[in-house]
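In what follows, a single structure is set out as structure tokens and then discussed.
The values are calculated or read from the model by the stated rules, or taken from the named source; none is laboratory data. All values reported here derive from a predicted model rather than from experimental measurement. Every residue, glycine among them, receives a Cβ derived from its backbone with ideal geometry; neighbour counts consider all protein chains shown. Side chains included, ligands, DNA and RNA excluded: accessible areas come from the protein's heavy atoms. Shrake-Rupley method; radii C 1.70, N 1.55, O 1.52, S 1.80 Å.
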2 protein chains.
Amino acid sequence: MRKKVTIKDVARAVGVTPTTVSNVLNGTNRISDETRRRVLQAVEELQYTPNMSARALVKRRTYTIGLFIPASPRVLSDSYFAEALRGMTEVALQYGYVVSIIYSDGLSDSVRQRIDGLVLTELKNNDEYVQYFKRIRMPFVALGRGGDPMLRDYVISDTNRGIREAINHVYRLGHRRMGYLLGPLGYEYVCERYRIFRCMHAELGLSLDRRLCATGENSREGGALAIHAILTRGVRPTAIFASTDIMALGAIEYLHERGLRVPDDMSVIGFDDADFSKYVRPSITTVHHDIYRAGREAASMLIAKLDGREYKCPVILPVRFVPRESTSTISLDNQ
Amino acid sequence: MRKKVTIKDVARAVGVTPTTVSNVLNGTNRISDETRRRVLQAVEELQYTPNMSARALVKRRTYTIGLFIPASPRVLSDSYFAEALRGMTEVALQYGYVVSIIYSDGLSDSVRQRIDGLVLTELKNNDEYVQYFKRIRMPFVALGRGGDPMLRDYVISDTNRGIREAINHVYRLGHRRMGYLLGPLGYEYVCERYRIFRCMHAELGLSLDRRLCATGENSREGGALAIHAILTRGVRPTAIFASTDIMALGAIEYLHERGLRVPDDMSVIGFDDADFSKYVRPSITTVHHDIYRAGREAASMLIAKLDGREYKCPVILPVRFVPRESTSTISLDNQ
DNA sequence: TTGTAGGCGTTATCAC
DNA sequence: GTGATAACGCCTACAA
């Protein structure tokens, strides 16, 4: 293996000192165009790349950012994280950063000092991690809102618009009795989506029947249980929204088992545009948001923050309402 | 922010030199029980954690391993990678390693030197990356076989067994005319699964009709196109295997569009047990393998390799055949 | 515009 | 057993 080339080798080749090389590479001091040119050329010829460990040591920076994922086994499986990761990695690379995933219920000391900053996900209403990272002064930005109303450094989808379009769509199809299937109330996104739903719902001059709303886990089973709860109250919405596509799917399956057809007997609307939403029958009407893009924005914001550059925050990303088979005009016997 | 505590602080507190502290921490030299005790205690009290950048610099190791994912936009979205990553991260942490994802079409110099080794995925038959990493002497292990028959450092599922069980299952259901939907032939796993299929098929005393086999992209469309190709040949299998669940899904959808019912008119068998396979209707009979576990084993193997420890290779992980709705006894009019 | 000197926190080598 | 001392490769005052 050819010997590692260091800054000294470059300096020697050009006939200057390492300091000078360092200066042209970091753009600190003013350097004569001539030396700059020669240094750059030598760097090229020798294929020099600065040793990150050494740089990290003296700069007290690791040039690594992390995607923090609270430990709950199944959650990482979502393509949500894969997408976010992909976006983050791409921009991180451009800035000379690398991204690791931190998948645990906290930050061990050893991991903590190997990371300059974090992108947080799955925030809870009063997120303990947010408090924790603030306390240990670990810089972070969030994918999604929550944790602390004071925080401004987050990337979020334009949920408002997504839900507005969804609700208008359903309204135009003739639906007036709308229900809602909530995920775990601890999560900020669950509350926010519901809040927006209520708000838009009211704007249409409709009043919400609380009996048409129920809570469940964020899973197929949760969705099934929630719709079950509503039906056993002896009431029936003509259209039902769910916090997530996976809950919507559970609800649809449950309804089918009970002999109720979707969308004929009930329209169902999800959120997220999960992979399976277009595969299943009926395919699920939902709101698509671009997690890959969100990952890019989050990394971008975090790195700007770390590098002390200006950055715009919060970032709100566009969404796209995706009508599919699970919604249709209200049927006659439902009027 | 409280000052960073270094090895010197610990040394001072105990009244020894940094050398000694380092020695007890790294278990190199023999140290008296007394000093060891006091050093350890001081470490505890001061909450000392070694600075990884400094250690990395002197040891010429980064204590970072990477999951390498060839850049093709949609692939990372699979929960496959998320699962592998989760497994890797968990064991890496135990060994003081961190994992980053390398998502690109090569290794930039800067990234290369921030990584001690890689876990490779999505290997092709004669993988260029494998050649590349060998050439630059980047240690690696592979998730899945391929790239080079000489390589022994890989983790793989017991595909043999999975396909045997699947084929026996179908055989017992009365099927004799079996077809196969292949993904892109460049990929090792595609060829391997097909090879095993042919082998097991022959073992049952059946002879394979090549007209019942076709190739397509590894996607829904690819699956649809492949089954389409077979049907247009004027032949029809009673059961068809697919390289992956996603292709199986595409095939099922296509058949439905053509008025052929699955499993009544044709049984379909996938591979992977993707998330959606249990959601869709009919749910897909498939072979489940534990990617999370594979990720753990891969990280474990790689780190052992890096740390110069002994390790067992290759590692072959058990699989589980999962019969679902997409397979059934052969119908009378198909006999 | 360029060079000198010192230090970042650790570990390895070799005395004592 | 323990301690100087010298790297590891780079950056940054400050001096020239």
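Which distances, in nm and shortest first, link the A:His256 label point to the same label point in every other copy, taking 7 Å along Cα→Cβ?
Result, one decimal in nm: 0.7.
Distances from B:Val235 to the same residue in each other copy, label points 7 Å out along Cα→Cβ, in nm, shortest first?
6.0
B:Arg195 versus A:Asp307, label points 7 Å from Cα toward the beta carbon: distance in nm?
Rounded to a tenth, the inter-label distance reads 4.7 nm.
Tell me the GluC sites (Glu not before Pro) within the range A:67-150 that lie in a loop according to DSSP and have at most 11 other beta-carbon atoms within 10 Å. Please report the intermediate quantities before stating the final value.
Details: sites: A:Glu83, A:Glu90, A:Glu122, A:Glu128; in loops: A:Glu122.
Nothing satisfies the criteria.
Once you keep just the Cα pairs under 8 angstrom separated by 6 or more residues, what percentage relative contact order results for the range B:7-50? Write out the running numbers ahead of the final one.
On the way: 32 pairs, mean separation 18.3, N = 44.
Taking the mean separation of contacting Cα pairs over the length of the range B:7-50, I get 42 percent.
Describe numerically, in nm with one decimal, the distance between label points set 7 Å from Cα along Cα→Cβ at B:Glu128 and at B:Arg152.
Spacing of the two 7 Å Cα→Cβ label points: 3.0 nm.
How big is the B/A interface in buried accessible area, both sides summed, 1.4 Å probe, to the nearest 100 Å²? Please report the intermediate quantities before stating the final value.
Values: alone 17310 and 17270 Å², together 30470 Å².
Buried area between the two chains comes out at roughly 4100 Å².
How large a share of the accessible area of chain B, in percent, is made up of carbon and sulfur atoms when the probe is 1.4 Å and the other protein chains stay in place? It would help to have the intermediate numbers written out before the result.
On the way: 7510 of 15250 Å².
Here it works out to 49 percent.
Taking chain B as a Gaussian network, Cα atoms linked when under 10 Å apart, which of B:Leu306, B:Leu208, B:Leu40 shows the biggest mean-square fluctuation?
B:Leu40
Do any trypsin sites (Lys or Arg not before Pro) in the range B:208-292 lie in a DSSP loop with no more than 14 other beta carbon atoms within 10 Å, and if so, which? Intermediate values should be presented prior to the final figure.
On the way: sites: B:Arg210, B:Arg211, B:Arg220, B:Arg233, B:Arg258, B:Arg261, B:Lys278; in loops: B:Arg233, B:Arg258, B:Arg261.
Passing sites in the range B:208-292 are B:Arg233, B:Arg258, B:Arg261.
Helix A:291-306 sits at what angle to the longest principal axis of chain A, using alpha carbons and giving 0 to 90 degrees rounded to 10?
Its long axis makes an angle of about 40 degrees.
Work out, step by step, the length gained on full extension between A:Arg60 and A:Ser219: first 0.36 nm times the residue separation, then minus their alpha carbon distance; give nm to one decimal. Spell out each step's value before the answer.
Details: separation 159, 0.36 × 159 = 57.24 nm, distance 4.28 nm.
Here the answer is 53.0 nm.
Before I look further, what does the range A:7-50 give for accessible area per residue, probe 1.4 Å, in whole square angstrom?
Working: 2850 Å² over 44 residues.
Per-residue value: 65 Å².
Per residue Cα convex hull volume for the range A:1-67, in cubic angstrom? Show your work: numbers first, answer last.
Numbers: hull volume 7.8 nm³, N = 67.
In the range A:1-67, the Cα hull volume divided by residue count equals 116 Å³.
Work out the FRET efficiency for A:Arg172 and B:Ile316 from their Cβ-Cβ distance, taking R0 = 60 Å, and round it to the nearest 0.05.
On the way: r = 56 Å, r/R0 = 0.94.
Taking R0 as 60 Å, the efficiency between A:Arg172 and B:Ile316 is 0.60.
Specify the angular offset, from 0 to 90 degrees and rounded to the nearest 10, of the alpha carbon long axis of helix A:245-257 from the longest principal axis of the alpha carbons in chain A.
Roughly 30 degrees, rounded to the nearest 10.
Report, as a whole number in µm² per second, the diffusion coefficient that Stokes-Einstein gives for chain B at 4 °C and 1.567 mPa s using the Kirkwood radius over alpha carbon pairs. Spell out each step's value before the answer.
Values: Rh = 22.6 Å.
Here the translational diffusion coefficient equals 57 µm²/s.
What number comes out for accessible area per residue over the range A:202-311 if the probe is 1.4 Å? Units Å², please. Please list the in-between numbers first.
Values: 4230 Å² over 110 residues.
For the range A:202-311, the solvent-accessible area averages 38 Å² per residue.
Report, to the nearest 10°, how far helix B:79-94 tilts away from the longest principal axis of the Cα atoms in chain B, using its own Cα long axis and a range of 0 to 90°.
It works out to around 20 degrees.
Within the range B:2-43, which trypsin sites (Lys or Arg not before Pro) sit in a loop by DSSP and count at most 10 neighbouring Cβ atoms inside 10 Å? Show your work: numbers first, answer last.
Numbers: sites: B:Arg2, B:Lys3, B:Lys4, B:Lys8, B:Arg12, B:Arg30, B:Arg36, B:Arg37, B:Arg38; in loops: B:Arg2, B:Lys3, B:Lys4, B:Arg30.
Here the sparse-neighbourhood loop sites are B:Arg2, B:Lys3, B:Arg30.
Copy-to-copy spacing for B:Ile316, label 7 Å out on the Cα-to-C-beta vector, in nm, shortest first?
5.8
Looking only at B:Ile167, B:Ile101, B:Ile284, which one moves most when chain B is put into a Gaussian network model with springs between Cα atoms under 10 Å?
Most flexible of the set in this elastic network: B:Ile101.
If I take R0 = 56 Å and measure r between the Cβ atoms of A:Thr35 and B:Thr49 in this structure, what FRET efficiency does the formula 1/(1 + (r/R0)^6) give, to the nearest 0.05?
Numbers: r = 41 Å, r/R0 = 0.73.
In this case the efficiency is close to 0.85.
Can you tell me the Rg and Dmax of the protein assembly as shown, counting just the alpha carbons, in angstroms?
Every Cα atom of the protein assembly as shown included, Rg and Dmax give 28.5, 89 Å.
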